[in-house]
Amino acid sequence: MSDAVMPIDGGVPEVASALPTQTIYRHAIVVRATHWINVICLTFLLLSGLQIFNAHPMLYWGQYGADADPPFVSLGAVYAPDHSLRGVTKVGPIKFTSTGLFGVSHNEIRGYPSWLTLPASRDLATGRRWHFFMAWIFVLNGLIYLVSSAINGHFRRDLVPTKAQLRPRHIWQNIIDHARLKHPVGEDAKTYNVLQKLAYLGVILLMTLMVLTGLTMSPGVDAFAPGLMWVFGGRQSARTIHWICANLIVLFVLVHIIEVFIAGVANEIGSMITGRYTYRTGEGH
Amino acid sequence: MTDAALSRRGMIVAGTALGGLLLSGCDRLSQAPQALKFIDKAEGVTLGVQRLVLSGQPLAKEFKVSDISPTFKPNGTFTPSDPAYLAMEQNGFTDWRLAVGGLVNRPLSLSLDQLKALPNRTQITRHDCVEGWSAIAQWTGPQLGGLLHAAGLQPHARYVVFHCADNLGGPGDGGKYYESIDLFDAFHPQTILAHTMNNQPLAVPHGAPIRLRVERQLGYKQAKYVMAIEVTDRLNHIGGGHGGFWEDRGYEWYAGI
């Protein structure tokens, strides 16, 4: 319990942050350990993945796809009328100039810029070695998380939304609360809210899809499990879905980090290290 | 309040600094020899696991004629510069001979017609480049396994090395293209020496007169312009010692992923 300054005679509290708080044990050791290992894996996988992407910065749908086939996504380069290089990004029907970021950066033809690839220089061989090394750790780490969460009830208890939470009115209220940066207090603060639960379940699904589409790109795995090609519509479709999922995971991470800052960075990061999470027990007035 | 704001600002500053440090450190680490030596162990794990799941020797998916790519992108060498090769190409490879030697009991020397007279296999398969693109084509050629049986392997035989006519890495022996596979892949039913592509004689950009098809691995394993096949017990005495042209340049020897 904190040394809360209670209002006297209906007055306002002297210090707004000094509200009654309570500390609970929120994150189990498996969740915390796998979370931070995942942070390292995803960082390396993303940066080395963009290095691999740069070897052929085009994406297709179907079983095959190369230079002569129409791409769904391309981070390309063209010569402008003044003979300078111009980066042109194409995603489906959308096409825009992206010089400096995609297609052309530092006057060099390359899909993603050097600060987004690992290694920074063009080096597909090293990018692949990092990608597949980290992929193994990512898969093992993910399996530990999934199996332990299924056994110890983390999914059922913490992540699956309750019936009440899934009512449209509740979800809508939750969206409004998020938009107003209003954070739950009391009993509600001890559990994940419905948007949080759906986001966490969603990113678990995305990471599973990452592994499966990654495996579908392997000619060895395709001989063992041809069903994967049927599920994703071919190796080139799998490569495209792999890229889409990577983008969505980056989007999740950005929102996740913003929410951590909004909710209180020290408490949030601290709780993912020590497991102890402090929440306000009431509004204070 | 002030303390909280301070600590928040401190966290942002520290986080950004740490992030910057990590990114620049990441890049240096990513090419450090010790780090690369360590992460190379992943290749052995991938090989071990794929060999386990592929122990029943399943076939790579074979496609329909309608699935064949309208264009098949050639890659690497488009025309070997070797005068001896160009002379053979002028003659329609009539004086070309495939040498099969090394750890075999009966070294072979086979003409293109002799290869075509052997039992041939035709398969429509997907070619996956390490760069990420794919193309589908129909390939016809004798199975490598049959050739190796005819030559008779010696007990120490472990690898099959393919010596090629092209110098992708520039003039001299160091620039010569070569590849290698082990006996597990060499005796796979779909491992063939393709002389025909999409019902046409294999064109020069695709590796005339023959190229290897080892369907459960990436494009750089599909050696083009094969001149000689050498059966060996180890790879460290050939080329740069890593089992292939691209392997000597940092790529994995096992290209099943």
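The values are calculated or read from the model by the stated rules, or taken from the named source; none is laboratory data. Every value quoted in this text rests on a predicted model; they were computed, and no experiment measured them. All Cβ positions, even for glycine, are placed from backbone atoms using ideal geometry, and neighbour counts span all protein chains on display.
Residue check: is residue B:37 at pLDDT below 95, under 26 Å from the mean Cα position of the chain (by Cα) and more than 7 Å from every other protein chain (Cβ to nearest Cβ)?
Working: at pLDDT below 95: yes; under 26 Å from the mean Cα position of the chain (by Cα): yes; more than 7 Å from every other protein chain (Cβ to nearest Cβ): yes.
Yes.
Only residues that are assigned to a helix (DSSP H, G or I), hydrophobic (A, V, I, L, M, F, W, C) and at the interface with chain A (Cβ under 8 Å from one of its Cβ atoms) were counted in the stretch B:40-77, giving 3.
Filtering A:235, A:239 for residues that are under 25 Å from residue A:56 (Cβ atoms), touching a residue at least 12 places away in the same chain (Cβ under 8 Å), in contact with a Pro (Cβ under 9 Å, 6 or more places away or on another chain) and surrounded by 14 or more Cβ atoms within 10 Å (Cβ to Cβ) leaves a single hit, A:235. Can you tell me how many residues in the stretch B:214-257 are more than 8 Å from every other protein chain (Cβ to nearest Cβ), part of a helix (DSSP H, G or I) and either modelled with pLDDT under 95 or touching a helix residue (DSSP H, G or I) at 6+ places or on another chain (Cβ under 9 Å) (or both)? Looking only at that region, the number is 4. One residue alone among B:65, B:130 is buried (at least 20 other Cβ atoms within 10 Å of the Cβ) and at pLDDT 95 or above, and that residue is B:130.
What number of residues within the stretch B:100-131 satisfy the criterion of being of a type in the set (Gly, Ala, Ser) and closer than 18 Å to residue B:194 by Cβ?
Residues of the stretch B:100-131 of a type in the set (Gly, Ala, Ser): B:101-102, B:109, B:111, B:117.
This time we only want the ones that are closer than 18 Å to residue B:194 by Cβ, so: B:111, B:117.
Count: 2.
Whether a residue is out of contact with any Gly (no Cβ under 6 Å at 6 or more places or on another chain) and in contact (Cβ under 8 Å) with a residue 24 or more places away in the chain was assessed, and residue B:199 passes this test. Going through A:181, A:201 one at a time, which residue ends up being aliphatic (A, V, I, L, M), in contact (Cβ under 8 Å) with a residue 60 or more places away in the chain and either surrounded by fewer than 16 Cβ atoms within 10 Å (Cβ to Cβ) or not assigned by TED's automatic domain parsing to the domain that holds residue A:265 (or both)? After ruling out the rest, the residue left standing is A:181.
Name the residue that is nearest to residue A:235 (Cα to Cα), counting only residues in the stretch A:57-69 that are facing another protein chain (nearest Cβ under 7 Å) and surrounded by fewer than 22 Cβ atoms within 10 Å (Cβ to Cβ). That would be A:63. In the condition set (1) within 12 Å of chain B (Cβ to nearest Cβ); (2) free of Cβ contacts under 8 Å to residues at least 40 places away in the same chain, residue A:51 is compliant with all but (2).
In this structure, is residue A:88 within 29 Å of the chain's Cα centre (by Cα), closer than 25 Å to residue B:126 by Cα and at pLDDT 95 or above?
Values: within 29 Å of the chain's Cα centre (by Cα): yes; closer than 25 Å to residue B:126 by Cα: no; at pLDDT 95 or above: yes.
No.
The residue that is nearest to the other protein chains (Cβ to nearest Cβ), counting only those in the stretch A:100-159 that are within 19 Å of the chain's Cα centre (by Cα) and outside any helix (DSSP H, G or I), is A:118.
Hey, does the stretch B:188-196 have a residue that's over 28 Å from residue B:58 (Cβ atoms), in contact with a strand residue (DSSP E or B) (Cβ under 8 Å, 6 or more places away or on another chain), surrounded by fewer than 20 Cβ atoms within 10 Å (Cβ to Cβ) and touching a residue at least 12 places away in the same chain (Cβ under 8 Å)? Within the stretch B:188-196, none of the residues are over 28 Å from residue B:58 (Cβ atoms), in contact with a strand residue (DSSP E or B) (Cβ under 8 Å, 6 or more places away or on another chain), surrounded by fewer than 20 Cβ atoms within 10 Å (Cβ to Cβ) and touching a residue at least 12 places away in the same chain (Cβ under 8 Å).
Given the criteria outside the structural domain of residue A:231 (by TED's automatic domain parsing), under 28 Å from residue B:24 (Cα atoms), part of a loop (DSSP other than H, G, I, E, B) and in contact with a strand residue (DSSP E or B) (Cβ under 7 Å, 6 or more places away or on another chain), does residue A:89 qualify? So residue A:89 fails the test.
Against the list (1) under 30 Å from residue B:30 (Cβ atoms); (2) more than 14 Å from chain A (Cβ to nearest Cβ); (3) among the small types (Gly, Ala, Ser), the condition residue B:186 fails is (1).
Can you report the number of residues in the stretch A:224-281 which are basic (Lys, Arg), farther than 24 Å from residue A:36 by Cβ and more than 10 Å from chain B (Cβ to nearest Cβ)? Write out each step before concluding.
First, pick out the residues of the stretch A:224-281 that are basic (Lys, Arg): A:235, A:239, A:276, A:280.
After this cut, where a residue has to be farther than 24 Å from residue A:36 by Cβ as well, the list is A:235, A:239, A:280.
Filter once more, so that each one left must be more than 10 Å from chain B (Cβ to nearest Cβ): A:280.
The total comes to 1.
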